[in-house]
């Protein structure tokens, strides 16, 4: 049985091989690029509408929550439960909504804006505006959080806690997803794992590695976290469902 140092060395070699392969693929697709600093990435991030919509909504939710008061134990547990559940929610949304196969119901095509935008995102992962949640989706999603806060919770304060927590997670998702697709290069082992995980999804095989803000969490549970060396490169990784539509 391999020792722990041997396992760590083998994992590092796989990760190094994956980074080299993905780097070659990206250079072939986009040409060579210069890395950016975290500050430069943040300033570029704020040029897009989604961070501002989420950020302003989050600020309003936090201010309202502070004014309402009525803090209880559930207000501490709710954010923790949402953080724990988020990788699984993220996985389900990615698989069931973003990777939705277009369907025809009589004369009506069933194909959401999110699914269409996500297919375009796979076609060109370097098209930065396609990285973000479409503002048209946020225009109805954020008001729906207000409706839930008012009517779906036993206390308005708890509803506001939920609203602020889920919006904060949405903002964290947008920032992480943007950073992975930007020219910023990982500095920490944790972010390297997230970076590698999502790039494998885009450049290796679209049927695996569905989590974005974490690596190896929900994917391990649902069987979509294989060893990269065991997976063939998909011919449709940049053209989702192309085989179905042929």
Residue hits (segment 84-98; more than 17 Å from residue 239 (Cα to Cα) and either more than 16 Å from the chain's Cα centre (by Cα) or buried (at least 18 other Cβ atoms within 10 Å of the Cβ) (or both)) are 86, 87, 90, 91
Of the conditions (1) out of contact with any strand residue (DSSP E or B) (no Cβ under 6 Å at 6 or more places or on another chain); (2) farther than 23 Å from residue 195 by Cβ; (3) surrounded by fewer than 12 Cβ atoms within 10 Å (Cβ to Cβ), the single one that residue 37 does not satisfy is (2)
When you look at residue 125, is it in contact (Cβ under 8 Å) with a residue 40 or more places away in the chain, touching a helix residue (DSSP H, G or I) at 6+ places or on another chain (Cβ under 8 Å), buried (at least 18 other Cβ atoms within 10 Å of the Cβ) and under 25 Å from residue 220 (Cβ atoms), yes or no? yes
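When you look at residue 170, is it farther than 27 Å from residue 130 by Cβ and in a helix (DSSP H, G or I), yes or no?
When the stated conditions are applied, residue 170 does not pass them.
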Item checked: residue 106 without any contact (Cβ under 8 Å) to a residue 40 or more places away in the chain, surrounded by 12 or more Cβ atoms within 10 Å (Cβ to Cβ) and farther than 25 Å from residue 181 by Cβ -> no
Exactly one of 116, 101 is surrounded by 13 or more Cβ atoms within 10 Å (Cβ to Cβ) and within 23 Å of residue 134 (Cβ to Cβ), and that residue is 116
>> Here is a check on your reading of the model: is residue 145 at pLDDT 95 or above, surrounded by 15 or more Cβ atoms within 10 Å (Cβ to Cβ), touching a helix residue (DSSP H, G or I) at 6+ places or on another chain (Cβ under 7 Å) and under 20 Å from residue 112 (Cβ atoms)?
In response: yes
**Prompt:** Does residue 203 satisfy the condition of being surrounded by 15 or more Cβ atoms within 10 Å (Cβ to Cβ), in contact (Cβ under 8 Å) with a residue 60 or more places away in the chain and touching a strand residue (DSSP E or B) at 6+ places or on another chain (Cβ under 8 Å)?
**Reply:** no
Pairing a residue in segment 44-59 that is free of Cβ contacts under 8 Å to residues at least 12 places away in the same chain and at negative phi with any residue that is surrounded by fewer than 20 Cβ atoms within 10 Å (Cβ to Cβ) and assigned to a helix (DSSP H, G or I), where Cβ atoms lie under 8 Å and the two sit 6 or more apart in sequence or on different chains, gives 46/52
On the basis of being buried (at least 20 other Cβ atoms within 10 Å of the Cβ), in contact with a helix residue (DSSP H, G or I) (Cβ under 8 Å, 6 or more places away or on another chain) and assigned to a loop (DSSP other than H, G, I, E, B), does residue 236 make the cut? no
Among 131, 150, 166, the single one that is free of Cβ contacts under 8 Å to residues at least 60 places away in the same chain, touching a helix residue (DSSP H, G or I) at 6+ places or on another chain (Cβ under 7 Å) and closer than 30 Å to residue 47 by Cβ is 131
Within segment 178-206, of all residues that are in contact with a helix residue (DSSP H, G or I) (Cβ under 9 Å, 6 or more places away or on another chain) and assigned to a loop (DSSP other than H, G, I, E, B), the one farthest from residue 240 (Cα to Cα) is 187
Scanning segment 162-198 residue by residue, those over 30 Å from residue 68 (Cβ atoms) and crowded, with 18+ Cβ neighbours inside 10 Å turn out to be 177, 178, 179, 180, 181, 182, 184, 194, 195, 196, 197, 198
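The values are calculated or read from the model by the stated rules, or taken from the named source; none is laboratory data. None of the values given here were measured: they were computed from a predicted structure. Note that we place each Cβ from the backbone using ideal geometry, even for glycine, and neighbour counts take in every protein chain shown.
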